[in-house]
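Below is one structure, written out as structure tokens; comments come after it.
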Amino acid sequence: MARTAVRSSRKRSSLLFLVLLAGAQGQTVIPTLPPLSASVAAKPIGDSIFPALGQAGLDVLNYDLDLTVDRPGTSELRGTVVLTVTSTQPLPVLSLDFLGPQVMEVRWNGLPAPYRHDQVVGKLTIEPPQPLLPGMRAEVTVRFAGQVGVRPDPYLPINVGWQAVPAVGERVGANFTLSEPDGTRTFLPVNDHPSDPATFTTRITVPAGYTAAASGVQLSEVAAPNGGRTFTFEQVQPIPTYTLAIHVNRFERVDSAAVPVGKGGADVIRRDYFPVGIPAGTRDAYVSTGEILKVLADWFGPYPFSAYGSAIVTPRVPALETATLSTMPVTSSNVRVVVHEAAHQWFGNRVTLADWSGVWLNEGFATYAELLWAQAQGETGDDMVRGWYARAGRNQTRPLVATTESQLFDTTSYIRGALALQAVRVTVDDAAFKAYLRGWVSEFQNRPVTTADLLTYTRTTLGARAEAALRLWAESPELPPLPEK
Ligand code: ARG
Ligand code: ZN
């Protein structure tokens, strides 16, 4: 059954009256009114891998989240989200991705607005009083409560999005986000596509004894009812929705010395979150984080956000480069993975994808960072490159641009992607290659990228030979020969 909630407030004044009346009598009355009048179907962004995601022309500037986790370790979530939106084309309706908890209320600039929530398809359609025109801004409020939505990963034994970790033995129940590629819509109404990054203010209220963590810088921690606490975080640089980190756990937060690798040498705040009761040795992998940021900032340019660290999780899931706070399973707590996720802060989180087919632009660059780190430790890196080539040879290969969802996180995205960058590097000297990497970040940090962008950029910065090398690695159906100087 399609659980579809329909509510309309065409007659705004009479609805308001009903609500006031209901309030006065202490009841909740959901009036049955005609469905949305707008027959205009919203157009999705047109992602080649996920054609239904997002809304074309919608530009979310900021998400202001006020979330409450009453029972950590369960899938229960309630909250209010205020989206600040604008558009690049006239939008008669707003169409947000949302599989998540039941919608209780929607407001457009403070007034109740008609909406339809289809939790099966995962769209929340909202009708504004007037179409949203380019240059206009609106504040859209969505209040919701209940069970989060479910979005199974077709290739891993997990659901992406809001994770519930039940209590086991001494360990308390916990929650965290693991949303790549489109899991944020399991718990928030979002334009769930990396081509529309936005800023976030995240407030999370948790029960007594719990700590909340989220992407960005913590602004405050204040008392909430029943001994609970409310934590507020601000992420002032835009990030893709899938990179939003939220954690609720019994954590020990460890603050380390700030690292002066931000823009103009600005300090980057360093903090990591370790769940109480994890193996003692887990922390060893994170001791080098500051040094890693320095090495990567030297190659990629200033670290793009205000803070960096890791939040460690106990389930066996893939590590994820959640913005400013990578999500690191205990079992992936090693320096190589720390380097990889740190590099994604530049590649994926700051330089974002225009289309999921270009995901190698995230994974290839992050994998390549593992080589740069090894070389900064005094290794030649030759073994690593040969190891990559052997591994690529043992696996099926394909051109770098992915054509199916199953290809997104395959060996080609990671390993052939990294080898493609090595193929560019051997055509020039290291100074030129460094300028190339830094320029890619600085030129494209506000413009979602495609493989075609990188090819053009390679030609204009490094010349025709470098572009030809990249093109061979990007487009050849077979694995090209091992790149050598
Ligand atoms: N981007 C992550 C990493 O390589 C991998 C995420 C895999 N996610 C998935 N749904 N298969 O750091
Ligand atoms: Zn990665």
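The values are calculated or read from the model by the stated rules, or taken from the named source; none is laboratory data. Just so you know, these numbers come straight off a predicted model, no measurement behind them. Note: ideal-geometry Cβ built from the backbone for every residue, glycine included; neighbour counts use all protein chains shown. Accessible surface areas use protein heavy atoms only, side chains included; no ligands, DNA or RNA. Shrake-Rupley method; radii C 1.70, N 1.55, O 1.52, S 1.80 Å.
Mind counting the residues in region 468-485 that are closer than 26 Å to Pro194 by Cα and free of Cβ contacts under 8 Å to residues at least 60 places away in the same chain? Steps first, please.
First pass over region 468-485, keeping only residues closer than 26 Å to Pro194 by Cα: 470-471, 473-475.
From the residues that got through so far, the ones that are free of Cβ contacts under 8 Å to residues at least 60 places away in the same chain too are 470-471.
Count: 2.
Being open to solvent by 20 Å² or more (accessible area, probe 1.4 Å) and either in contact with a His (Cβ under 9 Å, 6 or more places away or on another chain) or under 18 Å from Tyr368 (Cβ atoms) (or both) is the filter here; which residues of region 470-483 pass it?
Of everything in region 470-483, those that are open to solvent by 20 Å² or more (accessible area, probe 1.4 Å) and either in contact with a His (Cβ under 9 Å, 6 or more places away or on another chain) or under 18 Å from Tyr368 (Cβ atoms) (or both) turn out to be Arg471, Leu472, Leu479, Leu482.
Going through region 445-464 one residue at a time, which ones are loosely packed, with under 13 Cβ neighbours inside 10 Å and more than 26 Å from Gln237 (Cα to Cα)? Walk me through it before giving the result.
To start, the set of residues in region 445-464 that are loosely packed, with under 13 Cβ neighbours inside 10 Å comprises 446-447, 452, 456, 460, 464.
Residues satisfying the conditions are Thr456, Thr460, Ala464.
Which one of Leu53, Leu67 is closer than 22 Å to Leu133 by Cα, modelled with pLDDT of 95 or more and surrounded by 15 or more Cβ atoms within 10 Å (Cβ to Cβ)? Spell out the reasoning first.
Numbers: Leu67 fails: closer than 22 Å to Leu133 by Cα.
Just a single option satisfies the conditions, and that option is Leu53.
Any idea which of (1) over 19 Å from Arg229 (Cβ atoms); (2) surrounded by fewer than 18 Cβ atoms within 10 Å (Cβ to Cβ) is the one Ser75 doesn't satisfy?
Here Ser75 clears every test but (2).
Test Asn109 against the stated conditions and say whether it is touching a strand residue (DSSP E or B) at 6+ places or on another chain (Cβ under 8 Å), under 30 Å from Leu408 (Cβ atoms) and not acidic (Asp, Glu). Spell out how you get there, then give the answer.
Details: touching a strand residue (DSSP E or B) at 6+ places or on another chain (Cβ under 8 Å): yes; under 30 Å from Leu408 (Cβ atoms): no; not acidic (Asp, Glu): yes.
No: the conditions fail for Asn109.
Inspect all residues belonging to region 171-185 and state whether any of them is open to solvent by 10 Å² or more (accessible area, probe 1.4 Å) and more than 30 Å from Glu252 (Cα to Cα).
Scanning region 171-185, I find no residue that is open to solvent by 10 Å² or more (accessible area, probe 1.4 Å) and more than 30 Å from Glu252 (Cα to Cα), so the answer is no.
Which of the residues spanning region 234-252 are under 20 Å from Leu178 (Cα atoms), among the charged types (D, E, K, R) and either open to solvent by less than 40 Å² (accessible area, probe 1.4 Å) or assigned to a strand (DSSP E or B) (or both)?
Scanning region 234-252 gives a single hit, Glu234.
All but one of (1) touching a residue at least 40 places away in the same chain (Cβ under 8 Å); (2) open to solvent by 40 Å² or more (accessible area, probe 1.4 Å); (3) not hydroxyl-bearing (Ser, Thr, Tyr) hold for Gly46, so report the exception by its number.
Of everything listed in (1) touching a residue at least 40 places away in the same chain (Cβ under 8 Å); (2) open to solvent by 40 Å² or more (accessible area, probe 1.4 Å); (3) not hydroxyl-bearing (Ser, Thr, Tyr), Gly46 misses just condition (1).
Which pairs do you get when a residue that is closer than 14 Å to Gln55 by Cα, found in region 107-136, comes within reach of a residue that is among the basic types (Lys, Arg) and open to solvent by 40 Å² or more (accessible area, probe 1.4 Å), reach meaning Cβ atoms under 7 angstrom, with the pair 6+ apart or on two chains?
Thr125/Arg116
If only one of Leu61, Leu124 is within 26 Å of Ile239 (Cβ to Cβ) and open to solvent by less than 10 Å² (accessible area, probe 1.4 Å), which one is it? Reasoning before the result, please.
On the way: Leu61 fails: open to solvent by less than 10 Å² (accessible area, probe 1.4 Å).
Step by step, each of Leu61, Leu124 is checked, and only Leu124 is within 26 Å of Ile239 (Cβ to Cβ) and open to solvent by less than 10 Å² (accessible area, probe 1.4 Å).
Would you check which residues across region 398-415 are surrounded by 20 or more Cβ atoms within 10 Å (Cβ to Cβ), in contact (Cβ under 8 Å) with a residue 60 or more places away in the chain and over 20 Å from Pro154 (Cα atoms) and list them?
Leu400
Go through (1) open to solvent by 10 Å² or more (accessible area, probe 1.4 Å); (2) in contact (Cβ under 8 Å) with a residue 60 or more places away in the chain; (3) away from ligand 1 (no atom under 16 Å from the Cβ); (4) under 20 Å from Val268 (Cβ atoms) one by one and return the number of the condition Pro302 breaks.
So the condition that Pro302 fails would be (2).
Condition check ((1) hydrophobic (A, V, I, L, M, F, W, C); (2) at pLDDT 95 or above; (3) within 30 Å of Val121 (Cα to Cα)) across all residues:
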| position | (1), (2), (3) |
| --- | --- |
| Asn191 | no, yes, yes |
| Asp196 | no, yes, yes |
| Thr201 | no, yes, yes |
| Thr211 | no, yes, no |
| Ala223 | yes, yes, no |
| Gly227 | no, yes, no |
| Val236 | yes, yes, no |
| Thr241 | no, yes, yes |
| Ile246 | yes, yes, yes |
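Check region 163-178 and report whether any residue there is within 14 Å of ligand 1 (Cβ to nearest atom), within 18 Å of Asp64 (Cβ to Cβ) and not in a loop (DSSP other than H, G, I, E, B).
Looking through region 163-178, at least one residue is within 14 Å of ligand 1 (Cβ to nearest atom), within 18 Å of Asp64 (Cβ to Cβ) and not in a loop (DSSP other than H, G, I, E, B).
Does region 284-296 contain at least one residue that is more than 14 Å from Ala342 (Cα to Cα) and open to solvent by 50 Å² or more (accessible area, probe 1.4 Å)? Reasoning before the result, please.
Going through region 284-296, the residues more than 14 Å from Ala342 (Cα to Cα) turn out to be 284.
Now restrict to residues that are open to solvent by 50 Å² or more (accessible area, probe 1.4 Å): 284.
Taking every residue of region 284-296 in turn, at least one turns out to be more than 14 Å from Ala342 (Cα to Cα) and open to solvent by 50 Å² or more (accessible area, probe 1.4 Å).
Each row is one residue, and each column tells you yes or no for (1) among the aliphatic types (A, V, I, L, M); (2) in contact (Cβ under 8 Å) with a residue 40 or more places away in the chain.
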| site | (1), (2) |
| --- | --- |
| Ala56 | yes, no |
| Leu67 | yes, yes |
| Leu77 | yes, yes |
| Val82 | yes, yes |
| Ser87 | no, yes |
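Is it the case that region 357-380 has a residue that's under 16 Å from Ala285 (Cβ atoms), within 14 Å of ligand 1 (Cβ to nearest atom) and either acidic (Asp, Glu) or open to solvent by less than 20 Å² (accessible area, probe 1.4 Å) (or both)?
We begin by selecting, within region 357-380, every residue under 16 Å from Ala285 (Cβ atoms); these are 369-370, 373-374, 377.
Subset that is within 14 Å of ligand 1 (Cβ to nearest atom): 369-370.
Remaining after also requiring either acidic (Asp, Glu) or open to solvent by less than 20 Å² (accessible area, probe 1.4 Å) (or both): 369-370.
So far as region 357-380 goes, yes, one or more of its residues are under 16 Å from Ala285 (Cβ atoms), within 14 Å of ligand 1 (Cβ to nearest atom) and either acidic (Asp, Glu) or open to solvent by less than 20 Å² (accessible area, probe 1.4 Å) (or both).
Select from region 137-170 the residues that are of a type in the set (Asp, Glu) and open to solvent by 30 Å² or more (accessible area, probe 1.4 Å) and write down the one among them that is farthest from Leu91 (Cα to Cα). Show your work before the answer.
Applying the first criterion (of a type in the set (Asp, Glu)) to region 137-170 yields 139, 153, 170.
Now narrow it down to the ones that are open to solvent by 30 Å² or more (accessible area, probe 1.4 Å): 139, 170.
On the way: Glu139: 14, Glu170: 51 Å.
Filtering region 137-170 for residues that are of a type in the set (Asp, Glu) and open to solvent by 30 Å² or more (accessible area, probe 1.4 Å), the one farthest from Leu91 (Cα to Cα) comes out as Glu170.
Being under 23 Å from Pro154 (Cα atoms), away from ligand 2 (no atom under 11 Å from the Cβ) and touching a residue at least 24 places away in the same chain (Cβ under 8 Å) narrows it down to one of Gly309, Gly358, Gly364, so name that one. Walk me through how you get there before you give the answer.
Numbers: Gly309 fails: under 23 Å from Pro154 (Cα atoms); Gly364 fails: away from ligand 2 (no atom under 11 Å from the Cβ).
None of the other options fit; the residue is Gly358.
Output the residue which, of all residues in region 306-328 that are part of a loop (DSSP other than H, G, I, E, B) and open to solvent by less than 10 Å² (accessible area, probe 1.4 Å), is nearest to ligand 1 (Cβ to nearest atom).
Going residue by residue through region 306-328, those that are part of a loop (DSSP other than H, G, I, E, B) are 306, 309, 314-319, 321-325.
In the following step, the residues that additionally are open to solvent by less than 10 Å² (accessible area, probe 1.4 Å) were identified as 309, 321-325.
Working: Gly309: 16, Glu321: 5, Thr322: 10, Ala323: 12, Thr324: 15, Leu325: 13 Å.
That would be Glu321.
Select from region 329-356 the residues that are hydrophobic (A, V, I, L, M, F, W, C) and near ligand 1 (Cβ under 10 Å from one of its atoms) and write down the one among them that is farthest from Tyr273 (Cα to Cα).
From region 329-356, those hydrophobic (A, V, I, L, M, F, W, C) are 330, 335, 337-339, 342-343, 346-347, 351, 353-354, 356; that's our starting set.
Keeping just the survivors that are near ligand 1 (Cβ under 10 Å from one of its atoms) gives 337, 343.
Details: Val337: 16, Ala343: 19 Å.
My answer is Ala343.
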